[in-house]
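Contents: one structure, followed by commentary.
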2 protein chains.
Amino acid sequence: MTEARKPGFSDCNNATLRRAARSLGRFYDDALASSGLKGTQFGLLFQIHVSNEPAMSTVADALIMDLSALGHTLKPLIRDGYVETFPDTNDRRIKRLRLTPQGQAKLDEALKLWSVAQRQFEGKVGAEQAAKLRAALDAVADLDLEMPTAAPSP
Amino acid sequence: MTEARKPGFSDCNNATLRRAARSLGRFYDDALASSGLKGTQFGLLFQIHVSNEPAMSTVADALIMDLSALGHTLKPLIRDGYVETFPDTNDRRIKRLRLTPQGQAKLDEALKLWSVAQRQFEGKVGAEQAAKLRAALDAVADLDLEMPTAAPSP
DNA sequence: TTTAATTAGTGGCATATGCCACTTTCGCCG
DNA sequence: CGGCGAAAGTGGCATATGCCACTAATTAAA
């Protein structure tokens, strides 16, 4: 036996990941609080900002997020006038996204707050280490995980 | 020139972590689907299982979760008869938690499904690597992060 | 011991996410 | 061309999480 495992911390990769996400999420949320944005909203605005008037499905894909979940998450941002949608000229199914001027301004404001949190975090764990962790997380996120369900392809 | 670069989306530790959590969460959720439990519920049942009739605040603490959030998350599990509460004999403020026999059975059932997912995951990234990642995540979760902008304590 | 400060939970409100059932469009055939 | 299956979104339902305001019970002060 290795050691007396502390009774409470499971080996579950998922549980560990969620726990860390809750912890870090609160930190970033606190940092962004004065802007009125949550960490997720900031991330979403940023993703739209760096994309080229992306379709909703494109953003959902990039963030590995359910399309309907994206739709829901987008609502408060549209309601508050930070994001607007407009139809694709070629495919009427597609709704493209872009930041409004206010959205752009809000993002700029939030970026300042974000960078403080980011520096704070990297100061604690080290920029190197943080980069490595992000790389590992991206690798995990992009894994092609599939449960060995019955009947793969007949 | 330290500037002139837009912080790539992937530079945000929080966004990267959430993205990975969404991805992995879906995988574990899929694996547990037939049990009717979500990954978070499984984790919560497990935490209660390995603890000794813990108080709600103890569980919330272990999972780095807001106490009220725990209360909400607990509701469906109590409603479905997997968890029950009972008052602490010494401190009437405290509500302790335990699994019901059905909860225990459901956990046993879910553990089988979970281990398949867990093996699947570790088969992809390697058990060593997975353990390292969990350690890194636990370290991040337990960091004492605080924004320096907080009011100076007199 | 009466009171102030703290701790444990609850309930309400708001966002975050997912799945499923539908609807509208497209693109691809036969 | 007409129909069919895939793709993009929407809306509803349910869980996941947090914060805030409030209540009840304890403990530390005065």
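Couple of notes before you dig in:
- The residue that is most open to solvent (accessible area, probe 1.4 Å), counting only those in the stretch A:93-107 that are charged (D, E, K, R) and near DNA strand D (Cβ under 9 Å from one of its atoms), is A:R93.
- Complete set of residues in the stretch B:27-56 that are assigned to a helix (DSSP H, G or I) and more than 12 Å from DNA strand D (Cβ to nearest atom): B:F27, B:D30, B:A31, B:A33, B:S34, B:S35, B:F46, B:I48, B:H49, B:V50, B:M56
- Exclusive hit being crowded, with 21+ Cβ neighbours inside 10 Å and either under 26 Å from B:L145 (Cβ atoms) or of a type in the set (K, R) (or both), set B:A62, B:A55, B:A110, B:A15: B:A15
- Identity of the residue in the stretch B:55-102, touching a Phe, Trp or Tyr at 6+ places or on another chain (Cβ under 9 Å) and within 14 Å of chain A (Cβ to nearest Cβ), that ends up nearest to DNA strand C (Cβ to nearest atom): B:L97
- Qualifying residue in the stretch B:128-150 (condition: more than 14 Å from every other protein chain (Cβ to nearest Cβ) and under 21 Å from the mean Cα position of the chain (by Cα)): no
- Those residues of the stretch A:28-42 which are surrounded by fewer than 22 Cβ atoms within 10 Å (Cβ to Cβ) and at the interface with chain B (Cβ under 7 Å from one of its Cβ atoms), in sequence order: A:D30, A:T40
- Which listed residue, of B:L77, B:L99, is closer than 30 Å to A:L67 by Cα and either modelled with pLDDT of 95 or more or β-branched (V, I, T) (or both): B:L77
The values are calculated or read from the model by the stated rules, or taken from the named source; none is laboratory data. Worth saying up front: this structure is predicted, and the values here are computed from it rather than measured. Here the Cβ is made from the backbone with ideal geometry for all residues, glycine too, and neighbour counts use every protein chain on show. Protein only, heavy atoms only, side chains kept; ligands, DNA and RNA dropped before computing areas. Shrake-Rupley method; radii C 1.70, N 1.55, O 1.52, S 1.80 Å.
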